[in-house]
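Everything on this sheet refers to the single structure shown next.
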Amino acid sequence: MKTTSESTAMLLPAELRAFLPCATPEAWIEAALVNPSLLLIDHAQCEKKAASTAMSLMYRYVEHPLLLTKMSQLAREELLHFEQVVKLMEERGVAYRHIGASRYAAGLREEVRRDDPQRLIDVLIVGAFIEARSCERFACLIPHLDDELGKFYRGLVKSEGRHYEDYLMLARHYATEPIEERIAFFAEREKALIEAPDPVFRFHSGLPLAA
């Protein structure tokens, strides 16, 4: 069996790995493996939220045809993933129920500037980080999963990678100035959220607190 680092190196493009400011801690992977039902439930919620975010952007920024096209495609794909996760849960006897969200997405979005066009750029950069981290976490988990779930997550690595690329491309496309400084700003915040102790385990949670 390949190690986590070998798996991520094989499955993830170098550009995506370089974009993320840190790797997922091994302690999170260990927590995920002992909380498979909770992981699937939160994964389903993440797919639903991703579709909702794409739809919200479509409603808010109707004057941007490229964004409308990309977000329409992304929303459809995320909803398909939601359906697939729910089906997997049903097959595995995992009941879908409401659980509270992690601090991760909210922690990134609280740094988004309020006024456009800066707001749009920040939202797109945050979307790129969320999709890239999702992709990396799927890759981290694959070596430890059964064949069915591992195959499913391999497919998600490819699609989430495309979503990361689309968000970043759109941020650059609509920016009126270089965005590297904002990317670095959000990278620092993202790293803190991933590496800091987190009392709640979720798909995007930070370092699990010791029991």
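The values are calculated or read from the model by the stated rules, or taken from the named source; none is laboratory data. A quick note: this is a predicted structure, and the numbers were derived from the prediction, not measured. Positions of Cβ are backbone-derived with ideal geometry, glycine not excepted, and every protein chain shown enters the neighbour counts. These area figures cover heavy atoms from the full protein model, side chains too; ligands, DNA and RNA do not enter into them. Shrake-Rupley method; radii C 1.70, N 1.55, O 1.52, S 1.80 Å.
Here are a few things to note about the model shown:
- When the solvent-accessible area of the chain is split by element, carbon and sulfur atoms take up 56 percent of it, the probe being 1.4 Å.
- Magnitude of the charge dipole, the range 72-211, Cβ model with Lys/Arg +1 and Asp/Glu -1, debye to 20: 220 debye
- Over the chain: helical MRE at 222 nm, DSSP H runs n ≥ 4 each giving -39500 (n - 2.57), nearest 500: -23500 deg cm²/dmol
- Calculated accessible area for the chain comes out at 50 Å² per residue, all protein chains present (probe 1.4 Å; ligands, DNA, RNA ignored).
- For the peptides 158-169, 189-200, the ranking by packing is 158-169, 189-200, with the highest mean count of neighbouring Cβ atoms within 10 Å listed first.
- Think of each Lys and Arg Cβ as +1 and each Asp and Glu Cβ as -1; about the Cα centre, that makes the dipole of the range 13-123 roughly 220 debye.
- Projecting the Cα atoms of A187, A105, Q73 onto the dipole axis of the chain, where Lys and Arg carry +1 and Asp and Glu carry -1 at the beta carbon, places Q73 farthest toward the positive end.
- Relative contact order of the chain, defined on C-alpha pairs under 8 angstrom at six or more residues apart (%): 31 percent
- Farthest toward positive dipole pole in the chain [+1 Lys/Arg, -1 Asp/Glu at C-beta], among V62, P178, H204: V62
- Taking θ as phi - 60° and the Karplus parameters 6.51, -1.76 and 1.60, the scalar couplings of the range 107-114 work out to x, 6, 6, 5, 8, 5, 5, 7 Hz in sequence order, x denoting glycine and proline.
- Burial ranking of peptide ranges 110-120, 46-56 (average Cβ count within 10 Å, highest at the top): 46-56, 110-120
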